[in-house]
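A short reminder: the numbers here are calculations on the coordinates, not readings from a lab. The structure presented is a predicted model; accordingly, all values stated were derived computationally and were not measured. Because the Cβ atoms are built from the backbone with ideal geometry, glycine has one as well, and the counts that use them run over all protein chains shown.
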Amino acid sequence: MTRDDAKAFFDRRQHAWRGRDVQTLTAGHADDGVIASPMFGTIRGRAAIEKSYHDLFAVFQDWEFEGEDLLIDGTRAAQPFTVRATQSSEFFGVPASGRRFETHGVMIYQFERGLIQHERRIYDFTALLIQIGVLKAKPK
């Protein structure tokens, strides 16, 4: 995958994130691809990856993903991001709070044959849980 190929791939992905387009997001992953995520744990295989996107958009129906400038090195890429969303459905046994959150992080990708073979999502999951009211922050 060339640098231009990677940029085009992530431009399509950004469009898919904006449209919450599960099929396009899923199609970017290899059949036996893996996602390592604080929210979903380790997900293996395209069918499970597709389900994770459905689940994500069911809980956070207004999910806004903004990818930032890519760092590309051969078959690897890293993409810093910002996400904003509202908890609009049950999440980890907690009823919909209607609370909005914002988190920042990075996704690290390994590509094979032009598809994501491995994706690691790194972000402050604890802060997300505090913002939607699942956890309480310790007062100073």
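Brief remarks follow.
- Principal-axis analysis of the Cα atoms of the chain puts helix 3-18 at an angle of about 30° to the longest axis.
- Binning the alpha carbon pair distances of segment 3-131 at 10 angstrom intervals from zero yields the distribution 12, 46, 34, 7, 0, expressed in whole percent.
- With R₀ fixed at 41 Å, the C-beta to C-beta distance from K136 to K7 puts the FRET efficiency at about 0.45.
- Total charge dipole magnitude, segment 41-89, about the Cα centre, Cβ charges on Lys, Arg, Asp, Glu only, Debye to nearest 20: 340
- Distance from segment 45-110 to segment 1-17 (C-alpha centre basis), Å: 17
- From phi via Karplus (6.51, -1.76, 1.60), per-residue ³J(HN,Hα) for segment 78-84 in Hz, x at Gly/Pro: 10, 9, x, 8, 10, 10, 10
- Charged side chains reduced to their Cβ positions (Lys and Arg at +1, Asp and Glu at -1) give the chain a dipole of some 460 debye around its Cα centre.
- Among G41, G33, G93, residue whose mean-square fluctuation peaks in a GNM of the chain (springs only between Cα atoms under 10 Å): G93
- Cα-projected label distance for D124 with Q14, points at 7 Å along beta-carbon direction, nm: 2.4
- Scaled against 2.2 N^0.38 Å for its residue count N, the alpha carbon radius of gyration of segment 1-63 is 1.14.
- Nonlocal amide H pairs with G33, under 5 Å, H built at 1.01 Å: G45, R46
- Hz values of 3J(HN,Hα) by residue in segment 94-100 - Karplus curve (6.51, -1.76, 1.60), Gly and Pro given as x: 9, x, 3, 8, x, 8, 9
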